[in-house]
Amino acid sequence: MNERRQPTPATTACRHPRHRLATAVLAWAAAPLLWAGTPEGGAALPDLPASYEGELSSADGAPVRWRLDLLPSGRYRLRSGEGDTRIDDIGRWWSEPDTGRLALKGSRGTPLFFLPLEDGAGLRPQDAAGRPTGAGHDERLQRLAQAAPIEPRLELTGMFRYLADAPTITLCADDGRLPVVREADYRALEAAYLAARQPGEALLASLEGSLATRPSPEAGQPPQPSLVVERFIAVWPRESCGTPLADSPLRGTYWKLVRLDDTLATTAEQQREPHLILASGEPRVAGSGGCNRVMGSFELDGDRLRFGQMAGTRMACPDGMAQEQDFLKALTRVERYRIRGSHLEMLDAAGAVVARFEAVALR
């Protein structure tokens, strides 16, 4: 694992509102990042943070307005589209030492690639193979004269912590640690946390929120990026952020069951946790339903995944039998899968998540 070199941020004071926001972003994004499986490379762009804007072609050729903010810590903010078609994203970026291009990976799952042009004055989008994308193959995002980071609104997950009246969250998408402001739906998040955890312990939470600049609680400090909980969704005691940058392989990984539909999976005392391992060689699957060992076959074609008839032992356990039956029924509904970092989601024909797993050390 290699540590990413950090560009040195500018420290010149400025009273312009956009510069004050840039200063706040620098204060938030100063911590070094560690990249799993990423070659070491210096930043390809000077004087960060930097904001880029322009129109890029969509899959059907229609122009779409893009806005990209690159922060000096290796984090980014992205907005594509406008109005009802607007999609926001956050994540991490790094410079590929062999190609010089920028790679971005965030909550969308699919990496994005940009080639810096003219000492960072522009960014040209590329596909994974390094070919220019877009209708004219000369599309680009142009750097704005001053950095003006957006305040993205999107669905987020993160490790929430409440201690000494100071709620914070570490976001899964970019590993950024933010204060959580006591606005909107914050009280629902706090109540769910306190019902499931002792103060000071981290707990995975999912929510709809925005990253907004708020005054610092410390006198004399600049405004700071903070999380506003617009709609609390749920907390997930058995889950963590895992390793969002490096996707775990479908086959040969120990996948621990953490959710069935929207219900938290549990492990009964003195029983094995429900899990699956899809073999790397023959298309065989084995694991546990929580009470009984299970085994069977699977078919894999791209992102299409189907399980054959599952067999197993026939023990009767005092707890967990209903969940085990629900688990086996869920496997019969699986049509596709997707992996984001160390999380695997199995989907039905309609695209709904029927089971969610987290990768753990193979045992």
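Being at positive phi and out of contact with any Lys or Arg (no Cβ under 6 Å at 6 or more places or on another chain) holds for only one residue in 289, 320, 308, and it is 320.
Looking across 279, 246, 219, one residue alone is farther than 17 Å from residue 169 by Cβ, free of Cβ contacts under 8 Å to residues at least 12 places away in the same chain and of a type in the set (A, V, I, L, M). It is 219. Being in a strand (DSSP E or B) and open to solvent by less than 20 Å² (accessible area, probe 1.4 Å) is the filter here; which residues of region 240-259 pass it? Hits for region 240-259 are 254, 255, 257, 258.
Check whether at least one residue in region 349-358 is farther than 23 Å from residue 173 by Cα and open to solvent by 60 Å² or more (accessible area, probe 1.4 Å), and report yes or no.
yes
Could you tell me which residue of region 174-199 is farthest from residue 242 (Cα to Cα), considering only residues that are in a loop (DSSP other than H, G, I, E, B) and open to solvent by less than 20 Å² (accessible area, probe 1.4 Å)?
Restricting attention to region 174-199, the residues satisfying the condition of being in a loop (DSSP other than H, G, I, E, B) are 174-176, 181-185, 197-199.
Next cut, open to solvent by less than 20 Å² (accessible area, probe 1.4 Å) only: 174, 176.
Details: 174: 12, 176: 14 Å.
Looking at residues that are in a loop (DSSP other than H, G, I, E, B) and open to solvent by less than 20 Å² (accessible area, probe 1.4 Å), I get 176.
Note on region 132-145: residues that are touching a residue at least 60 places away in the same chain (Cβ under 8 Å) and not in a loop (DSSP other than H, G, I, E, B) total 3. The residues in region 74-98 that are small (Gly, Ala, Ser), out of contact with any Phe, Trp or Tyr (no Cβ under 8 Å at 6 or more places or on another chain) and either at positive phi or outside any strand (DSSP E or B) (or both) can be counted, and the count is 2. When 148, 129, 103 are checked against the criterion of being assigned to a loop (DSSP other than H, G, I, E, B) and in contact with a strand residue (DSSP E or B) (Cβ under 8 Å, 6 or more places away or on another chain), 148 stands alone in meeting it. When 234, 212 are checked against the criterion of being touching a residue at least 60 places away in the same chain (Cβ under 8 Å) and either acidic (Asp, Glu) or touching a strand residue (DSSP E or B) at 6+ places or on another chain (Cβ under 8 Å) (or both), 212 stands alone in meeting it.
The sole residue among 297, 280 that is on the phi < 0 side of the Ramachandran plot, within 29 Å of the chain's Cα centre (by Cα) and of a type in the set (Ser, Thr, Tyr) is 280.
Residue 274 satisfies every condition listed in (1) open to solvent by 70 Å² or more (accessible area, probe 1.4 Å); (2) within 23 Å of residue 235 (Cα to Cα) except (1).
Close contacts from region 181-208, counting a first residue that is basic (Lys, Arg) and a second that is open to solvent by less than 70 Å² (accessible area, probe 1.4 Å), with Cβ to Cβ under 6 Å and a gap of 6+ residues or different chains, come to 197/203. Taking the criterion of being open to solvent by less than 60 Å² (accessible area, probe 1.4 Å) and closer than 22 Å to residue 343 by Cα, would at least one residue in region 129-147 satisfy it? For region 129-147, residues open to solvent by less than 60 Å² (accessible area, probe 1.4 Å) and closer than 22 Å to residue 343 by Cα: absent.
Here are some residues: 89, 119. Which one is surrounded by fewer than 16 Cβ atoms within 10 Å (Cβ to Cβ) and either in contact with a Cys (Cβ under 7 Å, 6 or more places away or on another chain) or touching a residue at least 40 places away in the same chain (Cβ under 8 Å) (or both)?
Details: 89 fails: surrounded by fewer than 16 Cβ atoms within 10 Å (Cβ to Cβ).
Residue meeting the stated conditions: 119.
State which residue is modelled with the highest pLDDT when the search covers only region 97-116 and only residues that are open to solvent by 50 Å² or more (accessible area, probe 1.4 Å) and among the hydroxyl-bearing types (Ser, Thr, Tyr). Applying the filter and picking the extreme gives 99. Which residue is farthest from residue 349 (Cα to Cα), if the candidates are limited to region 311-338 and must be open to solvent by less than 80 Å² (accessible area, probe 1.4 Å), touching a residue at least 24 places away in the same chain (Cβ under 8 Å) and of a type in the set (A, V, I, L, M, F, W, C)? Filtering region 311-338 for residues that are open to solvent by less than 80 Å² (accessible area, probe 1.4 Å), touching a residue at least 24 places away in the same chain (Cβ under 8 Å) and of a type in the set (A, V, I, L, M, F, W, C), the one farthest from residue 349 (Cα to Cα) comes out as 317.
Within region 151-173, restricting attention to residues that are outside any strand (DSSP E or B) and open to solvent by 70 Å² or more (accessible area, probe 1.4 Å), which residue is modelled with the highest pLDDT?
Here is the first cut: in region 151-173, the residues outside any strand (DSSP E or B) are 151-152, 164-165, 172-173.
From the residues that got through so far, the ones that are open to solvent by 70 Å² or more (accessible area, probe 1.4 Å) too are 151, 164-165.
On the way: 151: 95, 164: 84, 165: 85.
Per the criteria, the residue is 151.
The values are calculated or read from the model by the stated rules, or taken from the named source; none is laboratory data. No experiment lies behind these values; they were computed from the predicted model shown. In this analysis, Cβ positions are derived from the backbone assuming ideal geometry, glycine residues included, and neighbour counts consider all displayed protein chains. The accessibility values were calculated without ligands, DNA or RNA, using every heavy atom of the protein model including side chains. Shrake-Rupley method; radii C 1.70, N 1.55, O 1.52, S 1.80 Å.
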